[in-house]
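Right, one structure below, let's go through it.
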Amino acid sequence: MSNSLNRRAFLGTTGAFVAGSLMASPLASSALSKGKKIRTVLVGTGVRGTSFWGKTLVQDFPDIVEFVGLCDINPGRLEYAREYMGVSCPTFGNFEKMILETKPDLVIVTTMDSTHHEFIIQGLDMGCDVLTEKPLTTDEHKCQAILDAERRSNNKLIVGFNYRWSPYPTKIKEMLQSGAIGKVTSVDFHWYLNTYHGASYFRRWHGLRQSGGTLWVHKATHHFDLLNWLLDSDPEEVFAYGDLEHYGSNGPFRGDKCRSCSFKSECKFYWDITQDKRSMDLYVKNEQYDGYIRDNCLFRPEINIYDKMSAQIKYRDNTYVNYSLTTYSPYEGWKIAFNGTKGRIDAWLDIPFMNSENISQSDKHELEMSQEDEMLHRDPVILHKLWEDYQVYNVDYSKTGHGGGDKLLHQQIFETPGKKDPYDRPAGVRDGAMSILIGIAARKSIESGHPVRIAELTDLEPRERRI
Ligand SMILES: NC(=O)c1ccc[n+]([C@@H]2O[C@H](COP(=O)([O-])OP(=O)(O)OC[C@H]3O[C@@H](n4cnc5c(N)ncnc54)[C@H](O)[C@@H]3O)[C@@H](O)[C@H]2O)c1
């Protein structure tokens with residue numbers, strides 16, 4: 001049953017998850033842990049950059065984070081970002097100039113996925129710590145270049161994997177770590193995006209593989225990172241299928257963009273961006289500078305990513321994973337099950353008929369991206385040991401900000417960077433690489449019709465145990 005809890009109860013229950021100290025944070029020796037205000041620049045002043053890595057940091061960490069520069073290719077969005085974030089630092093169209101003039105400790109990268117590598121590599125080479133949004137990058141060549149840059153640098157590279165920090169996956173990690181089901185042998189993992197959130201990827205640059213690497217990389221990097229972290233082993237080989245059957249040229253009609261479309265009344269996906277002030281300010285008012293259309297038609301023929309995806313992943317420790325991603329489900333949620341030598345764990349979130357949910361599917365995506373955690377929930381993880389009755393473990397968490405993960409990720413990075421984490425949640429370059437390499441291997445497998453070995457893609461050798 002999904003219940004709302006008050007904030008005090010939430011803090012009380014989640015406290016158990018963040019106590020303890022086993023694994024070292026990759027930030028332990030970085031500039032972030034030296035106790036001074038962090039001179040920070042941000043490149044990519046879009047929705048994620050200006051909110052979670054912008055305004056939220058300004059509001060929540062005024063004594064720790066100091067923005068000294070913002071960079072974007074869109075001058076209108078840059079100006080809006082400064083105002084929205086409430087900062088007065090200079091803005092730049094040129095990244096190198098920004099680094100030379102502002103001499104930051106930390107570069108935050110929140111640009112379009114296919115450009116992350118440029119700023120990660122230049123940031124590291126110019127002596128900064130770098131914090132990048134997922135995915136690390138979009139293909140294996142850029143990934144190798146990032147690995148090389150990180151090795152020649154004395155600075156740190158952090159990948160902002162927020163789902164690891166959500167209390168619900170953390171509970172699963174705790175159970176697996178404790179050996180509750182023995183050695184994990186196989187996993188079923190299925191993720192369903194609804195017709196609001198799933199469709200949103202097809203409206204803009206995410207719909208082009210050259211910009212987002214397909215949802216195998218852009219979206220599934222979250223899921224593959226969760227798998228790698230939960231299983232504590234590296235992926236070894238991937239076989240996949242994928243197709244585009246719903247969006248793109250499959251649509252019954254198409255228009256220029258929702259605003260001016262002549263099929264507004266017939267199209268179930270019609271979205272009135274003019275009712276969304278933030279999207280108007282960020283995108284529509286600044287279209288004149290770069291032609292970035294936020295309410296593009298999701299049936300436009302140039303869409304070249306998959307909308308249904310399925311993969312089998314073999315891990316180095318011989319765990320087999322069955323994974324799927326669907327982008328036009330009537331509901332948004334996920335299911336995961338771990339089979340082990342001593343039993344099984346079943347977990348799921350947001351499956352409406354299993355939780356008697358009463359939230360609308362359109363509101364769900366808003367909550368996911370929001371940082372205001374008023375509503376608190378309780379959901380079960382099921383542990384079923386062989387020859388015994390099943391046990392139900394209830395986990396309390398917030399549904400806002402990626403299952404409450406966003407907030408805990410911030411706290412770890414900016415308040416307690418040196419603190420060791422019992423669940424090994426801080427993520428570095430190897431984690432970022434291994435999660436995208438599964439998606440890149442899946443793409444290659446679809447193109448070739450053959451399984452693809454992770455070791456063929458970069459010089460990283462899959463390990464039986466991750467660390
Ligand atoms: N972890 C999460 O849950 C999560 C959620 C949302 C987005 N993200 C990630 O955040 C990043 C940004 O996503 P978004 O939704 O804010 O996208 P967005 O399109 O709103 O913003 C991207 C910004 O980057 C700018 N940009 C593009 N190319 C650039 C370049 N070469 N130099 C400088 N600026 C450039 C664009 O003008 C735009 O302002 C993506 O990598 C995405 O994967 C992560």
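Values quoted throughout were computed directly from the atomic coordinates according to the rules given, and no laboratory measurement underlies them. Every value quoted in this text rests on a predicted model; they were computed, and no experiment measured them. Backbone-built Cβ (ideal geometry, glycine too); neighbour counts: all protein chains shown.
Helices in the chain, meaning DSSP H runs of at least 4 residues, each add -39500 (n - 2.57). Divided by all residues, the mean residue ellipticity at 222 nm is -8500 deg cm²/dmol.
Taking amide H atoms as placed 1.01 Å from N in the peptide plane, the amide H of R344 lies under 5 Å from those of H384, K385, L386, each 5 or more residues away in sequence or on another chain. If R0 equals 51 Å, the separation of the Cβ atoms of F253 and D60 corresponds to a calculated FRET efficiency of about 0.70. For D148 and N322, the FRET efficiency from 1/(1 + (r/R0)^6), where r spans their Cβ atoms and R0 equals 25 Å, is about 0.15.
Applying the criteria of a DSSP loop state and at most 13 other Cβ atoms within 10 Å to the trypsin sites (Lys or Arg not before Pro) of the stretch 124-214 yields K183. Overall, the anisotropy analysis places the chain in the rounded class: the square-rooted eigenvalues a ≥ b ≥ c of its C-alpha gyration tensor yield a/c less than 1.5.
If the cut-off is 17 Å between C-alpha atoms, which aspartates and glutamates fall inside it for K171, apart from same-chain ones fewer than 8 positions away? Answer for K171, where 17 Å is the Cα cut-off: D225, D232, D346, D350, D379, D396, D406, D421, D424, listed by chain and number.
Its residue count N sets the reference 2.2 N^0.38 Å, and the alpha-carbon radius of gyration of the stretch 201-246 equals 1.35 times that reference. Within straight-line reach of K342, meaning a Cα separation under 14 Å, sit the following aspartates and glutamates at least 8 residues removed in sequence or on another chain: E388, D389. Scan around L376 for amide H atoms under 5 Å from its own, H built in the peptide plane at 1.01 Å from N, and keep only partners 5 or more places away or cross-chain. Sorted by chain and number, the residues that satisfy this are L5. The loop-placed GluC sites (Glu not before Pro) in the stretch 181-278, going by DSSP, that have at most 16 neighbouring Cβ atoms within 10 Å of their Cβ come out as E245, E266.
Sequentially through the stretch 127-133, phi angles give Karplus couplings (6.51, -1.76, 1.60; θ = phi - 60°) of x, 10, 6, 10, 10, 10, 5 Hz, Gly and Pro residues having no value and appearing as x. The stretch 123-176 and the stretch 236-309 have their alpha-carbon centroids 29 Å apart.
At full extension, E464 and E245 could sit 75.2 nm farther apart than now, given 0.36 nm per residue minus the alpha carbon distance. Within the chain, the longest run free of chymotrypsin sites (Phe, Trp or Tyr not before Pro) that sit in a DSSP loop with at most 15 other Cβ atoms within 10 Å is 1-252. Coupling constants for the stretch 234-251 follow from the phi torsions by the Karplus curve (6.51 cos²θ - 1.76 cosθ + 1.60, θ = phi - 60°), and in residue order they are 9, x, 10, 8, 9, 10, 9, 10, x, 8, 10, 10, 10, 8, x, 5, 6, x Hz; glycine and proline get x.
Convex hull of alpha carbon positions in the stretch 153-286: directionally averaged projected area 13.1 nm².
Shown is the FRET efficiency for E456 and V392, computed with R0 = 51 Å from the Cβ-Cβ distance and rounded to the nearest 0.05: 0.75.
Couplings for the stretch 151-168, taken from phi via the Karplus curve 6.51 cos²θ - 1.76 cosθ + 1.60 with θ = phi - 60°, read 5, 7, 9, 8, 9, 9, 10, 10, 10, x, 7, 7, 4, 3, 8, 5, x, 5 Hz in order; Gly and Pro are left as x. Computed from label points 7 Å out along Cα-Cβ, the spacing between I351 and Q177 is 2.6 nm.
So if the hydrodynamic radius of the stretch 215-303 is defined as the Kirkwood radius over C-alpha pairs, what does Stokes-Einstein give as its diffusion coefficient at 4 °C and 1.567 mPa s, in µm² per second?
80
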